[in-house]
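Structure first, then comments.
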Amino acid sequence: MLAEAARRGQVSVTFSVPTLDDDVWRRTEPGTAQPRQRLRALKTLVDAGIRASVGMAPILPGLSDNPELLEEVVREAREAGACAVWANLLHLKPGTREHFLTALAEDYPEQLPAYERLYARRAYLGAAEAKPVRELVSDLTRKHGIRDRRRIPLAPDLQPEQLALVV
């Protein structure tokens, strides 16, 4: 279905792969597909000519923002054929905030004071915390040569089709 759609218009798919750390994934994304399984699905789409990328989101301060963990995701995304990689850090809007902090207190109690400080009276991290992580991921995408490397990119025919009116 995606291949057919890509022949008619621009199609792109983004897979969320915030970490490949099994412990962090199990505790913070229960009930979701294993991140390496997502990368296998991405590879299948790219091999079929579909543009597919990785969104490293949400990156969790103190849990999944370690430079080695970030580089592992970028390196594995490249191996899977990702056409692009972008990153975003955790947002804690009302509703999500209470749920996340309760789970954090249970799974990573030592992290709770840092999150309460980082997200005090705001849903988004400040630029001082977020910008360095985003810049690191951007540097890693250049280092690992992340770009569109599809062998046969599916794209719509650039010639418009003239429809005939039957009277």
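Please work out how much length the chain gains when fully extended from ALA84 to GLU72, using 0.36 nm per residue of separation minus the C-alpha to C-alpha distance, in nm with one decimal.
Result for the pair: 2.8 nm of gain on full extension.
Compute a Gaussian network model of the chain, connecting alpha carbons closer than 10 Å, and tell me which residue from PRO35, PRO156, PRO18 fluctuates the most.
Comparing PRO35, PRO156, PRO18 in the GNM, the peak value goes to PRO156.
On a straight-distance basis, which aspartates and glutamates could pair with LYS93 in a cross-link, Cα separation under 19 angstrom, same-chain partners fewer than 8 positions away excluded?
Partners within reach: GLU29, GLU116, GLU129.
Search the structure for amide H atoms under 5 Å from the amide H of TYR124, placed 1.01 Å from N in the peptide plane, and list their residues when 5 or more places away or on another chain.
Under 5 Å from the amide H of TYR124: LEU92.
How far apart, in nanometres, would the label points at LYS143 and ALA33 be if each is projected 7 angstrom from Cα along the Cα-to-Cβ direction?
Spacing of the two 7 Å Cα→Cβ label points: 2.8 nm.
Roughly how many percent of the accessible protein surface of the range 96-167 is carbon and sulfur, given a 1.4 Å probe and a whole-percent answer?
56 percent
I'm checking a number: the convex hull volume of the Cα atoms of the range 46-94, normalised per residue, in Å³. What is it?
Looking at the range 46-94, the number lands at 76 Å³ per residue.
Work out from phi, with θ = phi - 60° and the Karplus expression 6.51 cos²θ - 1.76 cosθ + 1.60, the ³J(HN,Hα) of each residue of the range 101-118, listed in order in whole Hz, and give x for Gly and Pro.
5, 5, 5, 4, 4, 7, 8, 9, x, 5, 8, 4, x, 5, 5, 5, 6, 4
By the scheme Lys and Arg +1, Asp and Glu -1, what is the net charge of all other residues having a beta-carbon under 13 Å from that of ARG151?
Here the charged neighbours net out to +2.
Give the residues of the range 64-100 whose amide nitrogen is closer than 14 Å to a point set 7 Å from the Cα of LEU2 in the direction of its Cβ.
Residues passing the 14 Å test: 80-84.
Measuring with a 1.4 Å probe in the full set of protein chains, what accessible area per residue, in whole Å², belongs to the range 1-158?
Using a 1.4 Å probe on heavy atoms only, each residue of the range 1-158 averages 56 Å².
Checking the cross-link filter: which aspartates and glutamates have an alpha carbon closer than 17 Å to that of LYS131, excluding same-chain neighbours under 8 positions apart?
Correct list for LYS131: ASP65, GLU71, ASP139.
With a cut-off of 11 Å, note down the residues of the range 90-106 whose backbone N falls inside the zone around a label point 7 Å from the Cα of LEU112 toward its beta carbon.
101-106
How large is ³J(HN,Hα), in whole Hz, for each residue of the range 138-151 in order, when computed from phi with the Karplus curve 6.51 cos²θ - 1.76 cosθ + 1.60 and θ = phi - 60°, using x for Gly and Pro?
Running phi through 6.51 cos²θ - 1.76 cosθ + 1.60 with θ = phi - 60° gives 4, 4, 5, 5, 5, 4, 8, x, 6, 6, 6, 10, 4, 5 Hz.
Which value, to two decimals, describes the C-alpha radius of gyration of the range 68-167 once divided by 2.2 N^0.38 Å?
Taking N as the residue count of the range 68-167, the ratio is 1.70.
The values are calculated or read from the model by the stated rules, or taken from the named source; none is laboratory data. Worth saying up front: this structure is predicted, and the values here are computed from it rather than measured. Cβ coordinates were reconstructed from backbone atoms using ideal geometry, including for glycine residues, and neighbour counts include every protein chain displayed. What goes into the accessible areas is simple: the full protein's heavy atoms, side chains included, and nothing from ligands, DNA or RNA. Shrake-Rupley method; radii C 1.70, N 1.55, O 1.52, S 1.80 Å.
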